[in-house]
Each structure stands twice: as structure tokens, then as C-alpha cells.
Amino acid sequence: MANKHILTVEEFKELARPTSKHVDDDEVIAFVRECEDIHIIPAVGLEKYQALLEESISEPDKILLEGGIYEKDGKKEKCAGLKTALAYFVYAKMAMADGSIMTRSGMVQHNDSYAERTDDKNRVRRYDDVMNVAEEYLNTALLYLRTLEGYEETKPVRGTRLKIHSIGD
């Protein structure tokens, strides 16, 4: 169970914004592991996270994991699901990595004559946008989790990121 995650590479490609079919699977899994540790486990708790990794899970846990419609106080609500939230957290991390890879001589970016890198300002803007979506999706899952017995204290996630404002161009 040590190498099991709630999101596969195929699910990432399906749930996140469009990505190249050539993304490195090992890189995606590394970011999945990081984002589970940093965003998902602290939000839902280790016990609930481990329950979501089981082969057969309850219907409420399936809604939490994959998303769905549920009823709260006689009103229908939508849970985006932890998989979708996690896919967006991973997408944001990958956007900031910008194709850099560690080599024995340090961090490098491969140049391609058919592609052009975005500048730092636009990359940070895209990262912020994707993180806002990821946090909102996670919040819908946490709101749903609060409707389940024993999870009344779950707090919404917001404003946990450091914001750096650049001065000038």
C-alpha cells in the first residue's frame, strides 16, 4: 500500500486541464505523492485517506473520492471529489516546474524549436488560477465530508499559499 495513490496518471490526464500525452508518468506520480502529502492528507486526515485506498469503499467515500451529488438540509449539492482536486494540485505543480529536470550538472530545461516557454509572470498567473480551482474543488469535498458523521470540524482550505507580488516587469 506504500506506493498506492488515490489518483493514477490516466485519471490525472482525464480530470485536469488538457495536457500532452507525452508527460512523464514518473513525474506525474512524484507530484501526486507530494500533493497528497501536502494538500489531501492534512485536509481529510490520514485515517480517511487510508480508507480511500481500500479496494472496496463505501458509497459516501466513493462520492468523496470521485465526486457526485448529495443532499444537505433538503438541498442538492455537488462534490467535485478528491481525485479532481488532486489532479488540479498536480497540474499546478507541473506548471510551475515548467519542464525543468534535475541532471548531474543541475536543473536544465530542454529547448525545442517547435515550442516556446511562457515567461515567469504568466506562469505564476496560471499557477495561481489553477491553485484557486484546486482549492475550490477541495473545499467542495470538505463540505461534503462535513456531512458525514465525525467530520464536523473540517475547515475549508483557503489562502494557505505564499503570495509573491513582483514589482515592475
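The values are calculated or read from the model by the stated rules, or taken from the named source; none is laboratory data. What you see is a predicted model; the values in this text were computed from it and never measured. For neighbour counting, all protein chains shown are included, and Cβ atoms are generated from backbone atoms with ideal geometry for every residue, glycine included. Just so you know, the surface numbers come from the protein's heavy atoms only, side chains and all, with ligands and any DNA or RNA stripped out. Shrake-Rupley method; radii C 1.70, N 1.55, O 1.52, S 1.80 Å.
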**Message:** For segment 24-68, give me the residue count where each residue is in a loop (DSSP other than H, G, I, E, B) and under 17 Å from A97 (Cα atoms).
**Reply:** 1
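Output the number of residues of segment 51-63 satisfying the condition of being farther than 23 Å from K78 by Cβ and in contact (Cβ under 8 Å) with a residue 24 or more places away in the chain.
Residues in segment 51-63 being farther than 23 Å from K78 by Cβ and in contact (Cβ under 8 Å) with a residue 24 or more places away in the chain: 1 in total.
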**Request:** Consider Y88 carefully, then state whether it is under 22 Å from L7 (Cα atoms), at pLDDT 95 or above and open to solvent by 30 Å² or more (accessible area, probe 1.4 Å).
**Result:** no
**Item:** Members of segment 68-78 that are open to solvent by 40 Å² or more (accessible area, probe 1.4 Å), modelled with pLDDT of 95 or more and within 18 Å of E149 (Cβ to Cβ)
**Value:** E77
**Message:** Considering only residues that are without any contact (Cβ under 8 Å) to a residue 40 or more places away in the chain and in a helix (DSSP H, G or I), which ones fall in segment 1-13?
**Reply:** V9, E10, K13
**Asked** If you check L65, L145, which single one turns out to be farther than 24 Å from E10 by Cα, open to solvent by less than 20 Å² (accessible area, probe 1.4 Å) and at pLDDT 90 or above?
**Response** L145
**Request:** State which residue pairs qualify: first residue touching a residue at least 60 places away in the same chain (Cβ under 8 Å) and inside segment 21-35, second residue open to solvent by 60 Å² or more (accessible area, probe 1.4 Å) in any location, beta carbons under 6 Å apart, and separation of 6 or more residues or different chains.
**Result:** F31/K93
**Fill in**
Residues in segment 126-147 that are over 14 Å from A80 (Cβ atoms), over 11 Å from the mean Cα position of the chain (by Cα) and free of Cβ contacts under 8 Å to residues at least 60 places away in the same chain total 5
**Message:** What are the pairs with Cβ atoms under 6 angstrom where one residue, in segment 70-85, is of a type outside the set (G, A, S) and the other, located anywhere, is surrounded by 23 or more Cβ atoms within 10 Å (Cβ to Cβ) and in a loop (DSSP other than H, G, I, E, B)? Sequence gap at least six, or different chains.
**Reply:** K83/L7
**Asked** Could you list, in sequence order, the residues of segment 91-116 that are in a loop (DSSP other than H, G, I, E, B) and either of a type in the set (F, W, Y) or modelled with pLDDT of 85 or more (or both)?
**Response** Y114
**Message:** Out of the residues in segment 1-32 meeting the condition of being out of contact with any helix residue (DSSP H, G or I) (no Cβ under 7 Å at 6 or more places or on another chain) and within 20 Å of A80 (Cα to Cα), tell me which one is modelled with the lowest pLDDT.
**Reply:** P18
**Message:** Please go through segment 117-136 and give me each residue that is under 19 Å from T19 (Cα atoms) and either open to solvent by 40 Å² or more (accessible area, probe 1.4 Å) or not in a helix (DSSP H, G or I) (or both), ordered by number.
**Reply:** R117, T118, D119, N122, R123, V124, R125, R126, Y127, D128, D129, N132
**Request:** Can you give me the number of residues within segment 68-93 that are within 30 Å of V124 (Cβ to Cβ) and among the charged types (D, E, K, R)?
**Result:** 3
